[in-house]
Each structure stands twice: as structure tokens, then as C-alpha cells.
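Student: Okay, handing you the structure first.
The values are calculated or read from the model by the stated rules, or taken from the named source; none is laboratory data. What you are looking at is a predicted structure, and each value in this text was computed from that prediction instead of being measured. Virtual Cβ from ideal backbone geometry, glycine too; neighbours counted across all protein chains shown. Side chains are part of the model used for accessible areas, which takes the heavy atoms of the whole protein and leaves out ligands, DNA and RNA. Shrake-Rupley method; radii C 1.70, N 1.55, O 1.52, S 1.80 Å.
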Amino acid sequence: MRLSRFFLPVLKETPAEAQIVSHRLMLRAGMIRQEAAGIYAWLPLGFKVLKKIEQIVREEQDRAGAIELLMPTLQLADLWRESGRYDDYGQEMLRITDRHERELLYGPTNEEMITEIFRSYVRSYKDLPKNLYHIQWKFRDEQRPRFGVMRGREFLMKDAYSFDVDEAAGRHSYNQMFVAYLRTFARMGLKAIPMRAETGPIGGDLSHELIVLAETGESVVYCDKNVLDLPIPGEDTDYQSDLSGIVEQWSSIYACTEDVHEQARYEAEVKPENRLETRGIEVGQVFFFGDKYSKPMKAVVAGPDGVERPVQMGSYGVGVSRLVAAIIEASHDDNGIIWPESVAPFGVTILSLKPGDAEVDLACETAYEALTKAGREPLYDDRDERAGGKFATADLIGMPWQLIVGPKGIANGEVELKNRKTGDRQTLSLPDALKALGA
Ligand code: 5CA
């Protein structure tokens, strides 16, 4: 992508309304624009990151055996009356009436709808287990939308729903998602710790929130520092095998959100020097709630004995749009964002320090072509601007690498390769720089 043709409305000023660094940087880097309180347009740079995150989430869901579908954003109120949640949900639910006076709502989550879909088709234990997910916009009329996309009213969520014949199988599905989440967040460069949590309006008695430790986080958490060093399950994890060992390894070390924290247990289990009381960002949550929805909504399957029973369910959410902000909170410096390679909107920024100079243009075009071919998605800053401004923009928008091409260097057959994270700069020949970038 040539920057001269892209749409990157960076801001020079720090927006006054943004209280946390990720919100400030997302506005400054031209990633999002607020259209109403808690409702954002995703500008091209932000949208690219959102899609990269979504794709990692998708790959790890698929790897764990979940199956993707897509449910609508609007749902019938009557469906929610079946579970009893229509009234319970209160003011967070955006209620809509259509021209036929039918009551609808903009879905804050999809337990009811997926249960309705499931019960329409599945009758036998032979069709189980099933885990269905979608990645779809949600709406929650939060009282205090804040911190940009961190706590929005409209936000993108991946939500998966598991269906099993009995509790043991249901717990296995829970464990599969638990492990998938460890992998998902690690791939984005995040350390997300599963912490025992309250189940709230989703229900059930087993739940973990996946928390990224951050001073600006909204959740207060208590944990044993040892949990930070546990290994992440590998790509070769067999999701059909018994995963309870992995889940136990993580759950046996104290890690709780404020809502379920027990001070006495904490003090008994965690050595004083290992106690960590801090804040964090909830990037995902997993729930096992058995028959909370299947029973009232009559989603039953016949077991091997021919007897019909409500199916055992769990649900598993990832805050896809929140993750964009969470990653920035975890990875930035005074100059701007530092994208981990896996979610970077572009792999490398090519900085032309003198557009119009024949040698510089030639080197930049050569690099642009080679890097594009190699799948490195270069962003080529070909604008006629002064070098200082280009460096500042490149640092702000945070691509992992900068390839700096100026007339002096080119006269000596050299370019500069800068690593955004470490700040290291290497002077190399163009072919060597391209080789270092995998082109
Ligand atoms: N149905 C269940 C799981 S599928 C559910 O809705 N879970 S949840 O309420 O915990 O939401 C899942 C994830 O969505 C959260 O972990 C959080 O990362 C994200 N999320 C929740 N509310 C917001 C919000 N207002 N803005 C941005 N992300 C949010």
C-alpha cells in the first residue's frame, strides 16, 4: 500500500477526551473514529488490525474443533422470554420495535439464539459434541462506555457455544476452549491469565476470565506470580485428548478476580513475596452453565438409554475489538504503538526520505515490489513530506520494521533497517535488508 493513496488521518494533537494510552494512540494513529458514545467507525488501519486479530481467534477456534457460523445482530424478544432473560437483562439491552410492532433487540450475546438453532436440528447424543461459534457485533447499552473500544457499546465478539450429552463431556468442551484461549492470546503477544470469575448474567457456577495484567485495566485481580510463568500449550495439542491436566495446572495456582477473591485462602496459599494484587483487562471469558438455557428452552437430546435430557452447555467469549486496545496497552512507548508481528496492520513501513530522487525512488519501488511478493504487506511512505514527520508517523503507527531509504545512503548502496520494538538500526545493502525481512 502506498501511503499517498491510503486513508490514514493521523492527528497531531493528543485528543483531550482519551484517558488511557490505547485510546489516545488509536485516535492519533487514525484507527477509529467515535460516531456516538461507545460506537466507533473502524478506519482502514484499525480495521486491518481488527481483521488480523479476528483471524487468529478463528484459527484457534477451528483448531480446537469449533465450527463457525453467523447469526444476525437482531433477535426476537420472544426468544429471550423463553429463557427468562428478557426482563432480567435490564437497561443494558437495546430494545427495538419494527413496523409491525414486533419486539426485537440488538443482541448483547447469543445463548438463546444458538439454543434455538440447536434444538431445531439435533435430537440424539450421536450428533454430539458440537461447538458452534460466530464473530459478530454485539450491543450493550453500557452505563459508562469509556476508554474507546475497550468498553464500547457496540463491540465485536467471538462467541462459541458448546453442546454435550453430559457434564463430563461438557467440562471437556470447557477445557478445549480454555486451552484454545491460552494459545489465542499468546499468539497476539499477550500474557492472558485465566482467573476464577463470577458468572453474572450469563449464569452457571464455573467460569474463568482471561485477564491481561495492566494498570489501566478495569478488573481488580489477585494472583500468585508463579501463574505468569506457566507454559502455553503447543500447536500440536491434541484437543481430543484429556486436557484436564493443563487446566488443573493453571487452576491450581491462585488467580481470582475481585468478585470471587477470598482473602483468607489467598494468604494461606500464596507466599507473601509471590502475592500480586493488581488490575487487568478482561479479553475473554469462558462459562459452563449446564442446562440453564437448554432446560427452559427444551433443547433435549436422547441419550444412549433413549431417555431425553437437556443438553449441557457452555459459552466462550473473546472481546475481538477490545483486544486491539489491550494489545496497545501492553505494547507501546512514548512515540506510539509497537505492533507484535502477528497482528501488525502492515509488516514493514518503507520510508522514502526523498521522493522524486531517481535512485531513492528506484530502491523504494524495488523494495516495495519484493516485499509485496514475499507477503510482507509493506506500507510505502511515498508522500512528499519532511523526514521528521515521516519518522514520527512511522513510530506512531507502529509497524514492526522500518526500511529507511535516503539519498545519502543510496549513494553508498545502503539503506537502514530499524526494529520498532528494540530501536536497533542496521545499515545494510538493499538486498541484505530485503533478505532480513524475508523477501
Ligand atoms: N456469551 C458469553 C460468552 S460467549 C459472553 O457474553 N461473555 S462476556 O460477557 O464475558 O463477553 C465476552 C467478552 O466480550 C468479554 O470477555 C470482553 O472481552 C468482551 N466485552 C464485553 N463487554 C464489552 C464491551 N462493552 N466493550 C468491549 N468488549 C466487551
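Student: Over segment 202-284, what per residue volume does the convex hull of the Cα atoms give, in whole Å³?
Tutor: It is 128 Å³ per residue.
Student: Val10 to Asp361: FRET efficiency via 1/(1 + (r/R0)^6), r the Cβ-Cβ distance, R0 41 Å, to the nearest 0.05?
Tutor: 0.95
Student: Write out the GluC sites (Glu not before Pro) in segment 110-145 meeting two conditions: DSSP loop, and at most 10 other Cβ atoms within 10 Å of their Cβ.
Tutor: Sites meeting the loop and neighbour criteria: none at all.
Student: Extension gain Asp78-Arg102, at 0.36 nm per residue separation less the Cα-Cα distance, in nm?
Tutor: 7.7 nm
Student: Still on this structure, I have one more. Starting from the amide H of Gly284, placed 1.01 Å from N in the peptide plane, find each other amide H under 5 Å away whose residue is 5 or more places distant or on another chain.
Tutor: Answer set, sorted by chain and number: Leu210, Gly319.
Student: Can you give the local net charge around Arg140? Use residues other than it whose beta-carbon is closer than 10 angstrom to its beta-carbon, Lys and Arg +1, Asp and Glu -1.
Tutor: -1
Student: If you take the beta carbon distance between Ser244 and Glu273 as r and set R0 to 35 Å, what does 1/(1 + (r/R0)^6) give as a FRET efficiency, to the nearest 0.05?
Tutor: Plugging the Cβ-Cβ distance into 1/(1 + (r/R0)^6) gives 0.70.
Student: Next question. Past 23 Å, Cα to Cα, is the threshold; run Lys51/Lys354; Lys51/Lys435; Lys158/Lys418; Lys52/Lys373; Lys158/Lys292; Lys373/Lys421 against it and keep the listed order.
Tutor: Going by Cα-Cα distance, Lys51/Lys354; Lys51/Lys435; Lys158/Lys418; Lys373/Lys421 fall outside the 23 Å limit.
Student: Which value, in debye to the nearest 20, describes the size of the charge dipole of segment 241-310 about its Cα centre when Lys and Arg Cβ atoms bear +1, Asp and Glu Cβ atoms bear -1, and nothing else is charged?
Tutor: Dipole magnitude for segment 241-310 comes out near 260 debye.
Student: So, with a 1.4 angstrom probe, what is the percent of accessible area on the chain that is carbon and sulfur?
Tutor: Carbon-and-sulfur percentage of accessible area, whole number: 48.
Student: Give me the Kirkwood hydrodynamic radius of the chain in Å, from all C-alpha pairs, to one decimal place?
Tutor: For the chain, the Kirkwood estimate is 23.8 Å.
Student: Sorted by packing (mean other beta-carbon atoms within 10 Å per residue), highest first, where do 334-342, 198-206 land?
Tutor: Result, highest mean Cβ count within 10 Å first: 334-342, 198-206.
Student: If you don't mind, there's one more thing I want to ask. Under the rule of at least 5 residues apart or a separate chain, name every residue whose amide H is placed under 5 Å from the amide H of Ile32.
Tutor: Leu43
Student: Also, I was wondering about something else. If you take the charge dipole of the chain about its Cα centre, with +1 on Lys and Arg Cβ and -1 on Asp and Glu Cβ, which of Val212, Thr278, Ile53 is farthest toward its positive end?
Tutor: Of the candidates, Ile53 comes out farthest on the positive side.
Student: How big is the gap, in Å, between the Cα center of segment 122-187 and the Cα center of segment 206-260?
Tutor: For segment 122-187 versus segment 206-260, the Cα centre distance is 16 Å.
Student: Quick one: length gained pulling Lys408 to Ala374 fully straight, 0.36 nm per residue minus the C-alpha distance?
Tutor: 9.5 nm
Student: Further question on the same structure: Taking the simple approach of a point 7 Å from Cα along Cα-to-Cβ for both Glu92 and Glu59, what is their distance in nm?
Tutor: 3.2 nm
Student: To check my understanding: the extent here is largest minus smallest coordinate of the Cα atoms along each principal axis. What are those three numbers for segment 348-436, in Å, largest first?
Tutor: 29, 28, 22
Student: Name the residue farthest towards the positive end of the dipole of segment 314-439 from the options Ile350, Gly314, Leu403, assuming +1 on Cβ of Lys and Arg, -1 on Cβ of Asp and Glu, about the Cα centre.
Tutor: Of Ile350, Gly314, Leu403, it is Gly314.
Student: Taking the Cα centre of segment 121-206 as the origin, how large is its charge dipole in debye, to the nearest 20, when only Lys and Arg (+1) and Asp and Glu (-1) carry charge on their Cβ atoms?
Tutor: Rounded to the nearest 20 debye, it is 420 debye.
Student: Okay, moving on. What lysines does Lys225 reach when the alpha-carbon gap must be under 23 Å and sequence neighbours fewer than 8 apart in one chain are set aside?
Tutor: Hits, sequence-local ones excluded: Lys191, Lys271.
Student: If you take every residue apart from Lys408 with its C-beta less than 12 Å away from the C-beta of Lys408, what net charge results, scoring Lys and Arg +1 and Asp and Glu -1?
Tutor: Taking every other residue near Lys408 into account, the sum is -3.
Student: Nearest 10 degrees is fine. How inclined is helix 111-121 to the longest principal axis of the chain, computing both from alpha carbons?
Tutor: Helix 111-121 sits at roughly 70 degrees to that axis.
Student: Using the crude model of +1 on Lys and Arg Cβ and -1 on Asp and Glu Cβ, and no other charge, please compute the dipole size for the chain relative to its Cα centre, in debye to 20.
Tutor: 960 debye
Student: Restricting to Cα pairs below 8 Å that are 6+ residues apart, what does the relative contact order work out to for the chain? Please round to a whole percent.
Tutor: The normalised contact order for the chain reaches 17 percent.
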